[in-house]
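What follows is a set of notes on a single structure, which appears directly below.
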Amino acid sequence: MYELPIRMLTDSVGAAPQMEPEHVAQVAAAGFRSIVNNRPDFEYDTDQPTHAAIQAAAEAAGLTYRFLPVGPSHQTPEEAEQLARLLDELPRPVLLFCRSGTRSTRLFLMARELG
């Protein structure tokens, strides 16, 4: 298994590409307390792990997990508002992830602009 590359966006929010359930232990060891999955299940094919599999691994590791799937090419203001609410309520640090980490980063930047 490869090491999951994590890019910190702030001191308490990071972004990563698609993770496997096996990566959850690495995420927990890095000190994250919550995971937000921004990638819809079966986005391009059936090879990616389902959000339920990652949620089960996260909960088994004592992490809080939320599923906020957003499209790859466009994120809406409503989705950014949903992420902003999650960031207010979730234990930090929080790791956001999607296919490459890019849409999670864009969504975070949109949410941050909302205040």
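The values are calculated or read from the model by the stated rules, or taken from the named source; none is laboratory data. Quantities reported herein were computed from a predicted structural model and do not represent experimental measurements. With ideal geometry, Cβ positions are generated from the backbone for all residues, glycine too; neighbour counts draw on all protein chains shown.
Can you pull out every residue in segment 19-38 that is in a loop (DSSP other than H, G, I, E, B) and touching a Leu at 6+ places or on another chain (Cβ under 9 Å)?
Selection gives M19, E20, A30, F32, R33, N38.
Being farther than 14 Å from L4 by Cα and in contact with a strand residue (DSSP E or B) (Cβ under 9 Å, 6 or more places away or on another chain) is true for just one of L68, L96. Which residue is that?
Matching residue, one of L68, L96: L68.
Hey, among the residues in segment 55-66 that are among the hydrophobic types (A, V, I, L, M, F, W, C) and crowded, with 16+ Cβ neighbours inside 10 Å, which one's farthest from the chain's Cα centre (by Cα)?
Restricting to residues being among the hydrophobic types (A, V, I, L, M, F, W, C) and crowded, with 16+ Cβ neighbours inside 10 Å, the top hit is A61.
Only residues that are over 20 Å from A60 (Cβ atoms), modelled with pLDDT of 95 or more and of a type outside the set (V, I, T): list them for segment 1-38, please.
Across segment 1-38, the qualifying residues are P5, R7, M8, L9, D11, S12, G14, A15, P17, N38.
Working only within segment 1-19, note down all residues that are within 16 Å of R99 (Cα to Cα) and either loosely packed, with under 15 Cβ neighbours inside 10 Å or among the hydroxyl-bearing types (S, T, Y) (or both).
Those that are within 16 Å of R99 (Cα to Cα) and either loosely packed, with under 15 Cβ neighbours inside 10 Å or among the hydroxyl-bearing types (S, T, Y) (or both): Y2, E3, P5, R7.
Of all residues in segment 91-110, which are closer than 16 Å to F67 by Cα and either crowded, with 19+ Cβ neighbours inside 10 Å or among the hydroxyl-bearing types (S, T, Y) (or both)?
V94, L95, L96, F97, C98, G101, R103, S104, T105, L107, F108 - these are the residues of segment 91-110 that are closer than 16 Å to F67 by Cα and either crowded, with 19+ Cβ neighbours inside 10 Å or among the hydroxyl-bearing types (S, T, Y) (or both).
Within segment 22-54, restricting attention to residues that are hydrophobic (A, V, I, L, M, F, W, C) and in contact with a Lys or Arg (Cβ under 8 Å, 6 or more places away or on another chain), which residue is surrounded by the most Cβ atoms within 10 Å (Cβ to Cβ)?
For segment 22-54, the residue satisfying everything is I35.
Conditions first: (1) in a loop (DSSP other than H, G, I, E, B); (2) in contact (Cβ under 8 Å) with a residue 24 or more places away in the chain. L96 passes all but one, so which condition is the exception?
It is condition (1) that L96 fails.
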